[in-house]
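Peer 1: Below is the structure I would like to discuss, written out as structure tokens.
Where a number appears in this text, it was derived from the coordinates with a stated rule and is not lab data. Nothing here was measured: the structure is a model prediction, and the numbers come from that model. Quick reminder, even Gly has a Cβ in these numbers, built from the backbone with ideal geometry, and neighbours come from all protein chains shown.
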2 protein chains.
Amino acid sequence: MEVIVPFSTDRPKSRLADVLSLDERSAFARAMLDDVLDAVEDAGGEPRVLATDAVDVDRSVTVDDRLLTAAVNAALDARLGAETASSRPENDAEPDGPPEPVAVVMADLALATPAAVERLFEAGRGADVVVAPGRGGGTNAFVASHPEFRVDYHGASYLDHREIAAEIGADFAAVDSHRLGTDVDEPADLAEVLIHGEGRAATWLREAGFALDASEGRVTVVRE
Amino acid sequence: MEVIVPFSTDRPKSRLADVLSLDERSAFARAMLDDVLDAVEDAGGEPRVLATDAVDVDRSVTVDDRLLTAAVNAALDARLGAETASSRPENDAEPDGPPEPVAVVMADLALATPAAVERLFEAGRGADVVVAPGRGGGTNAFVASHPEFRVDYHGASYLDHREIAAEIGADFAAVDSHRLGTDVDEPADLAEVLIHGEGRAATWLREAGFALDASEGRVTVVRE
């Protein structure tokens, strides 16, 4: 399955500015991206980075400097849009069949594992639209195979996407995953990376001196 | 599967004191308990409330006023303890076999659904110890069938329980669930209940005037 991974090169992870410098945020964001790309590939997906600017990564990269919603919808237009399906060279076998499902997985899902991504793919083969919600009702990952599905990432987008699916008559399912539900935006999210992360992002944090701190009851991170 | 649901009747949900009165917190905690008991039962489990004081609930209730770790370990002693296995009347069929798995599911998992609990049970039949981690590394639910497994809920207990499993030579697995990973402790958690809850707790919040608020970027709740 083709998996689009949107990645912003400007103002990376701005909500971590209190604990990481700009250069550190860039490096950490890149470590998370690499973890996500590996998890997608190990789950059998074909990752394609959709970046706001050039990225030096050993994978397919498309640059689109528009905001997230517009850039993802352009990618969906190209892949799911009914009018383009018959003109896609890779779609020769089934020019008039339903579109192949396409996935969009955020680049900051530092807890993503191949098993979690496989569950997303599997759900995506069983419904027209499946979403892995993030904390706060975001849309951390989805798979769509309905030609009319488009995104709107503003606000509680999980609810909006469920509503959009209903409006276009698409089957909808949620993927119940703590790993896919954890997007790393704020300092508190770093604890999740240290607890559950198995890749570069967790290693990067440890090498930068971050450690878990349970002294205040709720588990947080401290930097040594 | 027998499922112990610990429930504290004193100081219910104290971290919600800024947004709910004591009576409201009691009512909301009780709505969450009822949702959890229903989800466990609908998943084929046999729920048993382990309460710090008497609770008027139409299910089996054991009162144990000790702290959570001590009360849960006493329950595990009675069910898994090697020395007690042969004396348990319900264990006549297999007096010398491995203990039946027993689950412990927290009473504040307001997003729990039968499907999520079924995944917990299924994982629990395939490993000696399985844990559904909560945000911050807590242990929101677990299933154990190893006679030596005991809990310690202090701090990042998910990591401690994984370590305990390793020390006693028990297979360990995690259950990757956003629903089971969401324990409702703080005001921000209420947004999760409004977004994903399907039971009494979500209804209670709506009737108390709570609604989602996405005006500030991150989704929170407001009370009308």
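Peer 1: Please compute the Kirkwood hydrodynamic radius over the protein assembly as shown, one decimal place, Å, based on all pairs of different Cα atoms.
Peer 2: Taking every pair of different Cα atoms in the protein assembly as shown, averaging 1/r and inverting gives 23.2 Å.
Peer 1: Now for a different question. What average count of beta carbons from other chains do you get within 10 Å of the Cβ of residues in B:201-214?
Peer 2: Partner Cβ neighbours, averaged per residue: 1.
Peer 1: Sticking with this structure for a sec: Based solely on its DSSP helices, what 222 nm [θ] is calculated for chain A when runs of n ≥ 4 H residues each add -39,500 (n - 2.57) and the sum is averaged over all residues, nearest 500 deg cm²/dmol?
Peer 2: Taken over chain A, the calculation gives -11000 deg cm²/dmol.
Peer 1: Starting from a label point 7 Å past Cα on the Cβ side, list the distances from B:V57 to the same position in the other copies, nm, shortest first.
Peer 2: B:V57 label point versus its equivalents elsewhere: 4.6 nm.
Peer 1: How big is the charge dipole of the stretch B:2-184 about its Cα centre, in debye rounded to the nearest 20, if each Lys and Arg gets +1 on its Cβ and each Asp and Glu gets -1 on its Cβ?
Peer 2: 560
Peer 1: Of A:H146, A:H154, how do they rank once you tally other Cβ atoms within 10 Å and put the fewest first?
Peer 2: A:H154, A:H146
Peer 1: Can you list, shortest first in nanometers, how far A:A166 lies from the same residue in the other copies, with each label 7 Å from Cα toward Cβ?
Peer 2: 4.6
Peer 1: Residue by residue through the stretch A:121-126, which ³J(HN,Hα) values in whole Hz follow from phi under the Karplus form 6.51 cos²θ - 1.76 cosθ + 1.60 (θ = phi - 60°), with glycine and proline marked x?
Peer 2: 4, 4, 4, x, 7, x
Peer 1: What does the charge add up to near B:G138, with Lys and Arg as +1, Asp and Glu as -1, over the other residues with Cβ less than 10 Å from its Cβ?
Peer 2: 0
Peer 1: Let me ask you something else. Would you pull out the residues with amide H under 5 Å of B:L50's amide H, same chain only if 5 or more places away, H placed 1.01 Å from N?
Peer 2: HN-HN under 5 Å from B:L50: B:V5, B:F7, B:T62.
Peer 1: Quick check for me: using +1 on Lys/Arg Cβ and -1 on Asp/Glu Cβ, what's the dipole size of the protein assembly as shown about its Cα centre, in debye to the nearest 20?
Peer 2: With only Lys, Arg, Asp and Glu charged at Cβ, the dipole is about 700 debye.
Peer 1: While we're on this one: For the protein assembly as shown, give me the percentage of DSSP beta bridges that are antiparallel, rounded to the nearest 5 percent.
Peer 2: Within the protein assembly as shown, antiparallel bridges account for around 45 percent of the total.
Peer 1: For the stretch A:134-206 and the stretch B:144-163, what is the separation of their C-alpha centers, rounded to whole Å?
Peer 2: Taking the Cα centre of the stretch B:144-163 as reference, the centre of the stretch A:134-206 is 29 Å away.
Peer 1: Now for a separate question. Please work out the ratio of the alpha-carbon Rg of the stretch A:122-181 to 2.2 N^0.38 Å and round it to two decimals.
Peer 2: Compared with the compact-globule rule of thumb, the stretch A:122-181 sits at 1.00.
Peer 1: Also: Looking at the stretch B:118-186 only, what percent of DSSP beta bridges run antiparallel? Nearest 5 please.
Peer 2: About 60 percent, rounded to the nearest 5.
Peer 1: May I ask for the percentage of alpha-carbon pairs in the stretch A:2-181 that lie more than 28 Å from each other?
Peer 2: So the pairs more than 28 Å apart make up 19 percent of the total in the stretch A:2-181.
Peer 1: Quick check on packing: order A:54-62, B:177-185 by the mean number of other C-beta atoms within 10 Å, highest mean leading.
Peer 2: B:177-185, A:54-62
Peer 1: While we're here: If we count other beta carbons within 10 Å of each Cβ, what is the order of B:M1, B:M32, fewest first?
Peer 2: Neighbour counts put them in this order, fewest first: B:M1, B:M32.
Peer 1: Name the chain B residue nearest the rotation axis between B and A, going by Cβ position, and give the distance in whole Å.
Peer 2: Nearest Cβ to the rotation axis, residue and whole-Å distance: B:H178, 3.
Peer 1: Among A:A75, A:G45, A:S60, whose Cα projects farthest towards the positive end of the dipole of the stretch A:32-77, with charges put on the beta-carbon of Lys, Arg (+1) and Asp, Glu (-1)?
Peer 2: Final value for the positive-end residue is A:A75.
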